[in-house]
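**Student:** Below is one structure. I have some questions about it.
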Amino acid sequence: MGIVRIMLTVIEGRVLGSLLEKERTTPDAYPLTLNALVSACNQSTSREPVMRLDDHEVEAALLSLKGQGLLRFVHPTHGRSVTRYRQVVDESWGIEPDAAAVLSVLLLRGPQTAAELRSRTERQHEFSSVDAVEVVLQQLAAAAHVVQLERQPGQKEARWQQRVAEEPEVTWSAAPVNADAVRGSMADRVAQLEAKVARLEAALADLLPPESSDLPLPLPSETPHPV
């Protein structure tokens, strides 16, 4: 396998992962139309995080991937009325079907253990064991396509992460994430939160009464009652 010398964007990674997946899970509908590809990118299952990409964002990613030699346009022929899209990253990078299955799931679902990858690639490629997945991961790592992450406290197994595309910052979000949220940087969001806290503190200060002094409060004056 050749060495990857580019870093794809988050959206390009989602498009590429979706094409790799659908080529093997829905071969009768492959290559994909734009509508089918957008739907694949925005699936609510087997995607972490769930995204809400629109046609223009996917089209821009397609043009970029084509310019990098990772994708081809299939123009209408033989009764097909729309342009379709197919990935050629396996040809460009020299990736075998088992490795393509692993890479697609890493692109679509973020860092995972070898056991998780074996389970989640079943529809694309049937691995005989977790060790067989580990062999493929080592091959991908040698080509700089993936990297093994350090085991975090509480984790029993180390996870693997793809290195061909940027990772969404909200990797394990259960709620849909739009493209702007995916592209936004953590620093920007921290700055926005700090500004919001400052505004809330200022508003709260205006609502609170001034600090009371240590002097006793004056007693109400007594008015004599008529006899």
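The values are calculated or read from the model by the stated rules, or taken from the named source; none is laboratory data. Note that the structure is predicted; figures quoted are calculated from it, not measured. Heads up, the Cβs are rebuilt from the backbone with ideal geometry, glycines too, and the neighbour counts pull from every protein chain shown.
**Student:** Determine whether the stretch 90-111 contains at least one residue that is surrounded by fewer than 23 Cβ atoms within 10 Å (Cβ to Cβ), of a type in the set (Phe, Trp, Tyr) and not in a loop (DSSP other than H, G, I, E, B).
**Tutor:** Yes, some residue in the stretch 90-111 is surrounded by fewer than 23 Cβ atoms within 10 Å (Cβ to Cβ), of a type in the set (Phe, Trp, Tyr) and not in a loop (DSSP other than H, G, I, E, B).
**Student:** May I ask you to list the residues in the stretch 68-119 that are in contact with a strand residue (DSSP E or B) (Cβ under 8 Å, 6 or more places away or on another chain) and among the hydroxyl-bearing types (Ser, Thr, Tyr)?
**Tutor:** Hits for the stretch 68-119 are Thr83, Tyr85, Thr113.
**Student:** What about Arg123, is it modelled with pLDDT under 95, charged (D, E, K, R), outside any strand (DSSP E or B) and surrounded by fewer than 17 Cβ atoms within 10 Å (Cβ to Cβ)? Spell out the reasoning first.
**Tutor:** Values: modelled with pLDDT under 95: no; charged (D, E, K, R): yes; outside any strand (DSSP E or B): yes; surrounded by fewer than 17 Cβ atoms within 10 Å (Cβ to Cβ): yes.
Here the answer is no, as Arg123 does not meet what is asked.
**Student:** Report, by residue number, each residue of the stretch 152-164 that is outside any strand (DSSP E or B), of a type outside the set (A, V, I, L, M, F, W, C) and surrounded by 12 or more Cβ atoms within 10 Å (Cβ to Cβ). Give the steps one after another, and end with the answer.
**Tutor:** Taking the stretch 152-164 as the starting set, the residues that turn out to be outside any strand (DSSP E or B) are 152-159, 163-164.
Keeping just the survivors that are of a type outside the set (A, V, I, L, M, F, W, C) gives 152-157, 159, 163.
Residues satisfying the conditions are Glu157, Arg159, Arg163.
**Student:** Of all residues in the stretch 1-37, how many are surrounded by fewer than 22 Cβ atoms within 10 Å (Cβ to Cβ), touching a Ser or Thr at 6+ places or on another chain (Cβ under 9 Å) and among the hydrophobic types (A, V, I, L, M, F, W, C)?
**Tutor:** Residues flagged as surrounded by fewer than 22 Cβ atoms within 10 Å (Cβ to Cβ), touching a Ser or Thr at 6+ places or on another chain (Cβ under 9 Å) and among the hydrophobic types (A, V, I, L, M, F, W, C) within the stretch 1-37 amount to 2.
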